[in-house]
Amino acid sequence: MTAPSSPGVGAPVPAARPARAAGVVELPPLRVRDRAPGEPRRVAYLYLAPAFLFYGLFAFGPLVYTTWLSFFDWDGLTVGEWTGLDNYRKVLSDPDIRASFVHSFELIVFYALLPVLIGLLLASLLAHGRVRGVTFFRAVLFLPQTVATVVVAIAWVWIYAPDGPLNAGLDAIGLGGITRGWIGDFDFALPALGLVGTWVTFGLCLVLFLAGMQKIPTTLYEAARVDGAGRVREFFAVTLPGLRSELAVALTLATITALRTFDLIYVSTAGGPGTATTVPSVLVYQNAFANGRVGLAAAVAVVLTVLIFALAFAITRLVDRDPSR
Amino acid sequence: MAGCGGTPGEDRPAAQQAGTPAEQVETDGFESLGPVTLSVISGEGSGGPRDALKRLTDEFEAKYPNVTVKLSFRDTASWFKQAKLVAASDKPPDVFAGNQGYQVDGELVKAGLVLPLDEYAKAYGWEDSYTPETLQQFMWSDDGSTFGEGTLWGVAQSGQSTGVFANMAKLRDAGVDPATLETFDDFDAALAKLRDALPADEPVIALGNKDQYGAIHLWGMIQGAYTPAQDMRDWIFHADGATFDNPGDLTALEKLVEWAEKGYMGQGDAFNSRNDAEAAAAFGGGEGAFMLGGNWNASIAKDGLGKDAAFFNMPPGESGKAVAIGSASLPMHISAKAEEPDLAAAYLDHITGPSAAEALVATQQVPAATDATAEPGDPLGRQVMQGWQQLVEDGGLTLFPDWSSPTMLQTMGQTFQEMLGGRLAPEEVISRTQADWEEYHAELAEG
C-alpha cells in the first residue's frame, strides 16, 4: 500500500502549514521537507523491499527468464541455440497452436461469462427471497472452489464416462439416443470440460455478489420501489451498478482461471481427442517436457501471459469504471 | 537466477561423463558397503509388471540385508514426460525407466544423464543373455544421434508384444472358433460375425485410446498383415529412404477406419474417454469379445476372465509371418549420478536376468533374457509366451513407431484420433506422420 501521491486526497490537509503572516504566533520551525506534502517517505521503500525481493525472485525473474528462453531452440538438457523470433513465428503460424488459443476463448465463456450470469441470478434470488438456510446453501455452492482440481477432474471423468451416471440418467429419462463418451467426443469434449469450469467458478461469483449486495444501501431499493420499479428494473437500475467492482473481480479471476487452466484438462483428456481440448498451457507442458521444445513452450507461455495481462486490464477498465466519476 | 542471460544448458557440465564406470566393476561383495539406499522408479505402474518388480525388489533386499530399495511407480504416459526432468535433477533416482527411441532415451544419452553399461554387460554376460535385436534397442552413439548401434545404455525385463486377447465365452456363444482363424481375412470375417452376435451397444474390440497410443497398437496388428516388419524397423531407426508413405500402410489405415465405421470398437468416440489400463479392466469385466493390445495387460485380463481369457497373435496376412508391434519392455537405466553404480547394476541384473524368470512368468510376462527360462504355470501365460516366441522367430516385431522422433507419439496419437473421428483422411495421417519423420531426419543429418 502506497500513500496517494497527490496531496489532499483522503488525508486531511496538514494543519502545520508554515505560517508566514506577521502577528501570528511563530510555530516552532518545521523540519525541512525534501518531498511534497503527502508524498511517501523514502524509508517506505525499505518496507517494500522484502516483498519486492520475493516478487522479483519468484514472479518477475522467472518471467524474464522464460522470455529469454523463448528466443532459443533448446531441448531442456543440452546447450541451446539462439533462434531469435523463430518460436514466435511458429506460435503465430502453426494452426494447432492458434487453435489452442481459440479453445481458451471458448473456455472463457464457460469459466467466466456463464458463472457470472448464474451467480447474479442466484444472488438476487438468495438476497431477496428470504430463503431459509442461506448460509448453508452459500457454503454448499462455494464448495467446488475448495476442492483440488485433480479431484474435480477425476470425479467428472467418471460422471462423463460412457457407462457413467450422466449417461445412465439420460437413458433413464428416455434420452438414450444422445448418450456418448462425452470427453472422448470431438464436438462435446471442450464444452463438457467447460461446464466443469462453470461448476467450479460460479460459487465464487455467487459469494462475491452476495457480499457486494449487502453494501448496497437499502434506501436505494426503497427509492426504486417508490418510483415504481419492478424486480427486473430494480436489478438493472440498482443491483447491477452496485456490483460493478465485484463483477470486475469475478470476471478477472474467472478469466484468468480459464486461460491458465491445465490440471483439469491434463487429467481428463490430456488435450485430446485429437487436439479438440488442447489449450496453450497443455502445449507448454507437452513441448517443454515431452517433446524437448523448451523454446517453443516458453514462447507460447509468454504469449499466454501477455494475453492474460491484456484481458485482465481490459476487464478492469471496462467493468470497474464508475461512469459518474 | 543462475543462467539468466547465458545460453540455456551451458552451465551444465558439458556431458556428465563422470559416467564411465571404473575399469574393474564389482558384481558382488555389496554387504561391505554398510547400510545403503538404492532409489528406483519404474514406468510401469499397473498389472503384472508392477507385481513382478515388487517381488524382485523384495528378493534383492533379502539377498543384501544392508540394502534398502526405495521403489516407486509412475504411470507410463506421464513418466515419459517426467523422465528427462527427474534424470536431470540434482538427486535423480539411481535406477529409472526410460523409453526406447528419440523422445526419451536419445535425449538421456545426448545429455549424459545415464551410465554406459558395456562393462556391466561383459561382467554379467548380458551379451549372451539377450538377442542382438533386443540389445540393439538400447544402443546409441555416445552423442545420442544414432539409434540402434554403439554403446549399450539400458536393459529390460520382459518381451512386450501386442496381440489378440479373446473372451472365449463370447466367441463360443457366437460360434467363432479361434483355431479356424488362420489368416487376417479370417479374423476380419470373425469380427463381422461377432458384430452381429453382440448387442449393438457393446464393442467387439475393447479399446482405450485416451492416452492416444491404444489405437496405434491396435493398428500395428492390421499393418502387420500388409507391411513387412523390416520396413517399419528401418523407418524407426531412420534408415535413408525409409518412408511411411507406402501402399501397405495406407491400406492398413483404411482398414482401421472401416472397423471404426462398422462399430467394431464401439459407438462413436467412446474409446477416447478411457485409457489402455481402463479398457483392459473393462475387457476383464466382460466387455467385448476381443482386446487388441499389449501383453502387459495379460494379468488384468486373467484376473477378470479367469479361464475364459485367451491370447494369440494376429493371424498373418499374405506373407504368412506373424507381425505386430512389440519390443523389449521399458529399458532400465543407471543414473550418471548414482553413488553406487556397481550395486545399481547388480539390481538391474537381478530384476532382468535368470533370477527374474520366476517372478515374470508368474505374472504372465515373458522374460526378455533368453536364459531366463521358467515355464508359465497357467495357460494364458503359456499363450503369451508362445505369441512372443512366434514373433521373434518370424522376425515380426516391428518395434514401436513412436520411437522414430521426439514428437511422433503426439503426431501419430492425435492424427489417429482425428482419423477415427472421421475428421482426417488416412492419406493425411500418412503425410503428417511422414512430415514429422522427415523433419527429425533432417535434424539428425545436421548433427
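Points worth noting:
- Unit Cα scatterers, Debye sum, the range B:390-436: log10 I(q)/I(0) for q = 0.17 Å⁻¹: -0.56
- The calculated P(r) of the range B:338-447, using every Cα pair and 10 Å bins from 0, goes 13, 24, 22, 29, 13, 1 in percent.
- Hull-based mean projected area of the range A:210-283, where the convex hull spans the alpha carbons, in square nanometres: 6.8
- Whole-percent carbon and sulfur share, accessible surface of chain B, 1.4 Å: 48
- The GNM of chain A, with springs linking C-alpha atoms under 10 angstrom apart, assigns the highest mean-square fluctuation among A:Val306, A:Val157, A:Val279 to A:Val306.
- Karplus-derived HN-Hα couplings along the range B:141-147 (A = 6.51, B = -1.76, C = 1.60, θ = phi - 60°), whole Hz, x at Gly and Pro: 5, 4, 8, x, 8, 10, 9
- Descending principal axes extents, chain B, alpha-carbon based, whole Å: 65, 50, 40
- Rg ratio (alpha-carbon, reference 2.2 N^0.38 Å) - the range A:76-119: 1.83
- With the largest listed first and rounded to whole Å, the semi-axes of the equivalent ellipsoid of the range A:86-143 from the Cα gyration tensor are 42, 10, 6.
- Relative to the 2.2 N^0.38 Å rule of thumb, the protein assembly as shown has a C-alpha radius of gyration ratio of 1.15.
- Most mobile listed residue (A:Thr255, A:Thr218, A:Thr198) in chain A, GNM with C-alpha springs under 10 Å: A:Thr218
- Across all Cα atoms of the range B:109-170, the radius of gyration (one decimal) and Dmax (whole number) stand at 15.9, 52 Å.
- A viscosity of 0.692 mPa s and a temperature of 37 °C, combined with the Kirkwood radius over C-alpha pairs in the Stokes-Einstein formula, give the range A:148-195 a diffusion coefficient of 299 µm²/s.
- Share of carbon and sulfur in the accessible heavy-atom surface of the range A:209-294 [1.4 Å probe, %]: 63
- Contact-buried residues of the range A:45-71, at a threshold of 40 Å² lost accessible area versus the chain by itself: A:Tyr65, A:Trp68 (1.4 Å probe; DNA, RNA and ligands ignored).
- Interface burial in the range A:164-210 reaches 30 Å² or more for A:Gly184, A:Phe186, comparing the full protein assembly with the chain by itself; accessible area from heavy atoms with a 1.4 Å probe.
- Under a model in which nothing but the beta-carbon of Lys, Arg (+1) and Asp, Glu (-1) is charged, chain B shows a dipole of about 1180 debye around its Cα centre.
- Its residue count N sets the reference 2.2 N^0.38 Å, and the alpha-carbon radius of gyration of the range B:117-244 equals 1.44 times that reference.
- Remark: C-alpha extents of the range B:173-287 on the principal axes read 48, 32, 23 Å, sorted largest to smallest.
- Rg/Rh, computed from the Cα trace of the range B:315-354 with Rh as the Kirkwood radius, has the value 1.32.
- Legend: residues in the range B:242-282 shielded by at least 30 square angstrom of accessible surface upon adding the remaining protein chains to the isolated chain (1.4 Å probe, heavy atoms) are B:Asp269, B:Ala270, B:Asn272, B:Ser273.
- Sequence-separation-based contact order of chain A, relative, with Cα cut under 8 Å and 6+ spacing, percent: 25
- Mean residue ellipticity at 222 nm, helices only, chain A: -18000 deg cm²/dmol; runs of at least 4 DSSP H residues each add -39,500 (n - 2.57), and the sum is divided by the number of residues.
- Helical runs assigned H by DSSP (4 residues or longer) give chain B a calculated mean residue ellipticity at 222 nm of -13000 deg cm²/dmol, each run adding -39500 (n - 2.57) before division by the residue total.
- Amide H contacts of B:Ser158 (H built 1.01 Å from N, under 5 Å, at least 5 apart or other chain): B:Ser329, B:Ala368
- Average 1/r across all pairs of distinct alpha carbons in chain A, invert it, and you get the Kirkwood radius: 24.2 Å.
- Area buried, chain A against chain B - accessible surface, total, 1.4 angstrom probe, square angstrom: 3200
- Given in Å, the Rg to one decimal and the Dmax to the nearest whole number for the Cα atoms of the range B:263-311 are 10.6, 31.
- Options B:Gly306, B:Thr134, B:Pro331, ranked by Cα towards positive dipole end of chain B, top entry (Cβ charges): B:Gly306
- Å² of accessible area per residue within the protein assembly as shown, as computed with a 1.4 Å probe and no ligands counted: 46
- The three principal axes of the Cα atoms in the range A:180-325 give end-to-end lengths of 66, 39, 21 Å, sorted in falling order.
- Its Cα gyration tensor gives the range B:40-159 an equivalent ellipsoid, and the semi-axes of that ellipsoid, as √(5λ) in whole Å with the largest first, are 23, 18, 14.
- Prolate/oblate/rounded label for the range B:276-339 (Cα gyration tensor, a/c 1.5): oblate
- For the range B:276-413, Kirkwood radius (reciprocal of mean inverse C-alpha pair distance, Å): 16.9
- Average Cα contact separation per residue, the range A:167-277, under 8 Å, 6 or more apart, as relative contact order %: 36
- Unit charges on C-beta of K, R, D, E only; dipole of the protein assembly as shown, Debye: 5860
- Surface share of carbon and sulfur [accessible, 1.4 angstrom probe, percent] for the range A:83-123: 74
- With a 10 Å cut-off around each Cβ of B:164-172, the average count of Cβ atoms from other chains is 0.
- Between the amide H of B:His333 and those of B:Phe96, B:Ala97, B:Gly98, distances stay under 5 Å, these residues lying 5 or more places away or on another chain, with hydrogens modeled in the peptide plane.
- Size of charge dipole - chain A - debye, nearest 20, with Cβ of Lys, Arg +1 and Asp, Glu -1, no other charges: 1540
- Of B:Met408, B:Met419, B:Thr398, farthest towards positive along the dipole that unit charges on Lys, Arg, Asp, Glu beta carbons give the range B:351-440: B:Met419
- Here's how it looks for B:Trp140: its modeled amide H is under 5 Å from those of B:Gly148, B:Glu149, B:Thr151, B:Trp153, which are all 5 or more places away or on a different chain.
- Over the range A:84-199, relative contact order from alpha-carbon pairs under 8 Å, at least 6 apart, %: 31
- Both numbers refer to the Cα atoms of the range A:271-312; Rg and Dmax are 11.0, 31 Å.
- Distance cut-off 25 Å, percentage of C-alpha pairs in the range A:37-191 lying past it: 66
The values are calculated or read from the model by the stated rules, or taken from the named source; none is laboratory data. Not measured: the values here are computed from a predicted model. Here the Cβ is made from the backbone with ideal geometry for all residues, glycine too, and neighbour counts use every protein chain on show. Heavy atoms of the whole protein, side chains included, go into the accessibility calculation; ligands, DNA and RNA do not. Shrake-Rupley method; radii C 1.70, N 1.55, O 1.52, S 1.80 Å.
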